[in-house]
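All of the numbers you see were taken from the coordinates with simple rules; none came from a lab. Just so it is clear, the structure is predicted and the values come from calculations on it, not from any experiment. Methodologically, a virtual Cβ is constructed for each residue, glycine included, from the backbone with ideal geometry; neighbour enumeration extends over all protein chains shown.
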Amino acid sequence: MKRRAFLGSAFALSPIAAALASLGGCGNDEGWPEGMQPIKWDRDTCVVCNMGISDRRFAGELRGGPKNNVFKFDDPGCIALFLHDKVEKYPWIRDPATKIWVADVTSQGNQVRWLDARTAHYVTKYSPMGYNYGAVAHPQAGSVDFATMAEHVVAKVRNPQK
C-alpha cells in the first residue's frame, strides 16, 4: 500500500504530470463566453466557406435553436452570408435569443476578446475571405453596425453587379 502511495505521489509531482495538466484541464484559458463552444484553431472549418479557422481576430460562432446548434465561422462576412442564406432552413437564427459571437479584431496572441456580433462595430480590415470587415467593441471613425456590414457583404457577394 505504501509503495502505491509513493508511486502515485511521485507521478503527481513529475514534469510529465505538470505538462499534461497544462494541456488539458477544465479551465477557461481562452476566455470563451458562457455558452460558446470552443473553436479548435486550425482544425474547425467555417460552415460557409469550408476554410480552416486560424486567424483568431476574425473568428465567429452562432449558437441557438431548439437543438442548440453551433456554427463556426472564419470571417464576419461569412456570418452575414449564413444569416442571409439560411434563414428559411433555420428560422431561429433571427431570434434575439440566438447567440452570435465575433472576435474583436484588436485581439492579440491567444487571448481573444469575444463580442456580441449584433452590437459590435465593424471597421475596414483585410479579412480571411476578403469581405474586409473586423469587429471592434466601440464605434470608430468609419465603422458601421452589424446590419450595415451584413448588407454590404451580401450585396457584394450575391449581387456583384450593383
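Some points to look at:
- The GluC sites (Glu not before Pro) of the stretch 53-162 meeting both criteria, a DSSP state outside H, G, I, E and B (loop) and at most 11 other C-beta atoms within 10 angstrom of the site's C-beta, are GLU88.
- Remark: the stretch 45-55, residue by residue, has Karplus-estimated 3J(HN,Hα) of 10, 5, 5, 8, 9, 6, 7, x, 8, 10, 7 Hz, where x stands for each Gly or Pro and the curve is 6.51 cos²θ - 1.76 cosθ + 1.60 at θ = phi - 60°.
- Pairwise centroid distance, computed over Cα atoms, of the stretch 41-62 with the stretch 88-133, Å: 11
- Other-chain or far-sequence residues with amide H under 5 Å of ASN69's (modelled H): GLY64
- Sparse-neighbour loop sites [chymotrypsin sites (Phe, Trp or Tyr not before Pro); the stretch 62-162; at most 15 other C-beta within 10 Å; DSSP]: TYR126
- Karplus-based coupling profile of the stretch 67-73, in residue order and whole Hz: 9, 6, 4, 10, 10, 10, 9, with θ = phi - 60° in 6.51 cos²θ - 1.76 cosθ + 1.60 and x standing for Gly or Pro.
- Karplus 3J(HN,Hα) series, Hz, for the stretch 129-134 with 6.51 cos²θ - 1.76 cosθ + 1.60 (x for Gly, Pro): 9, x, 7, 6, 10, x
- Shape of the stretch 47-162, Cα gyration tensor, a/c cut at 1.5: rounded
- Backbone amide hydrogens, once placed in the peptide plane, bring SER54 within less than 5 Å of ASP42, excluding anything fewer than 5 places away on its chain.
- Between ALA117 and ILE100, TRP101, VAL102, the built amide H atoms are under 5 Å apart, and every one of these is 5 or more places off in sequence or on another chain.
- Three-way shape label, the stretch 73-140, alpha-carbon gyration tensor, a/c 1.5: prolate
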